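Q: Have a look at the structure that comes next, please.
The values are calculated or read from the model by the stated rules, or taken from the named source; none is laboratory data. If you're wondering where the values come from, they're calculated on a predicted model, not measured in any experiment. Heads up, the Cβs are rebuilt from the backbone with ideal geometry, glycines too, and the neighbour counts pull from every protein chain shown. Ligands, DNA and RNA are excluded from the accessible area calculation, which covers all protein heavy atoms including side chains. Shrake-Rupley method; radii C 1.70, N 1.55, O 1.52, S 1.80 Å.
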Amino acid sequence: QVRVVESGGGLVQPGGSLRLSCVASGSIFSSYQMGWYRQAFGKRRELVATIFSDGAINYADSVKDRFIISRDNGKNTVYLQMNSLKPEDTADYYCYAFSAGTEYWGQGTRVTVSA
């Protein structure tokens with residue numbers, strides 16, 4: 001069982017930045033595929049960014065060139081640096097860990113982009 005805990009959400013003005021953090025338990029964190037989804041009210045869940053155990057990264061087109069995903073295996077942590085935020089980035093953001101064929105999810109952290 002892997003426990004996933006997100007933090008770092010909040011209210012930010014358009015054009016601002018925010019960094020989300022996600023800590024996943026387990027001694028083999030470096031082997032996990034990690035990523036972030038988001039879900040805005042009334043919309044479908046969207047995969048935002050993925051970082052694989054070998055360091056490969058994928059981004060949704062909607063966040064490419066604005067968001068940066070990274071990981072610190074020594075701290076069992078993955079980060080999502082969000083820059084140039086737009087009102088349409090407002091959503092609940094969920095971190096996941098994928099290991100041994102199973103996905104583990106956090107409770108989510110809310111990001112609100114508003115003036």
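Q: Share of the chain's accessible area from carbon and sulfur, percent, 1.4 Å? Walk me through the numbers before you get to the answer.
A: On the way: 2940 of 6250 Å².
Carbon-and-sulfur percentage of accessible area, whole number: 47.
Q: Right, something else. Ordering Leu18, Leu47, Leu80 from largest to smallest accessible area (1.4 angstrom probe), what's the sequence?
A: Descending accessible area places them as Leu47, Leu18, Leu80.
Q: Let me ask something else about it. Among residues other than Gln81 whose Cβ falls under 11 Å from its Cβ, what is the net charge (Lys/Arg +1, Asp/Glu -1)?
A: +2
Q: Given an 8 Å cut-off on Cα distances and at least 6 residues of separation, report the relative contact order of region 41-115 as a percent.
A: Working: 84 pairs, mean separation 14.8, N = 75.
It comes to 20 percent, rounded to a whole number.
Q: To the nearest 20 debye, what charge dipole does the chain have about its Cα centre, counting +1 at the Cβ of each Lys and Arg and -1 at the Cβ of each Asp and Glu?
A: Numbers: 12 positive and 10 negative charges, 33 e Å.
My answer is approximately 160 debye.
Q: Same structure, new question: Running Debye on region 13-71 with equal point scatterers at the Cα sites and no solvent, what base-10 log of I(q)/I(0) appears at q = 0.13, 0.14, 0.20, 0.24 Å⁻¹?
A: Results for region 13-71 at q = 0.13, 0.14, 0.20, 0.24 Å⁻¹ read -0.40, -0.46, -0.88, -1.13.
Q: With the other protein chains left in place, how much accessible area per residue, in square angstrom, belongs to the chain at a 1.4 angstrom probe?
A: Ligands and nucleic acids excluded, the figure is 54 Å² per residue.
Q: I'd like the Karplus ³J(HN,Hα) series for region 71-85: coefficients 6.51, -1.76, 1.60, θ = phi - 60°, whole numbers in Hz, and an x wherever there's a Gly or Pro.
A: Couplings: 9, 10, 5, x, 10, 6, 10, 10, 10, 10, 8, 10, 10, 6, 5 Hz.
Q: From the gyration tensor of the Cα coordinates in the chain, what semi-axes in whole Å does the equivalent ellipsoid have, largest first, with each one equal to sqrt(5λ)?
A: 23, 14, 13
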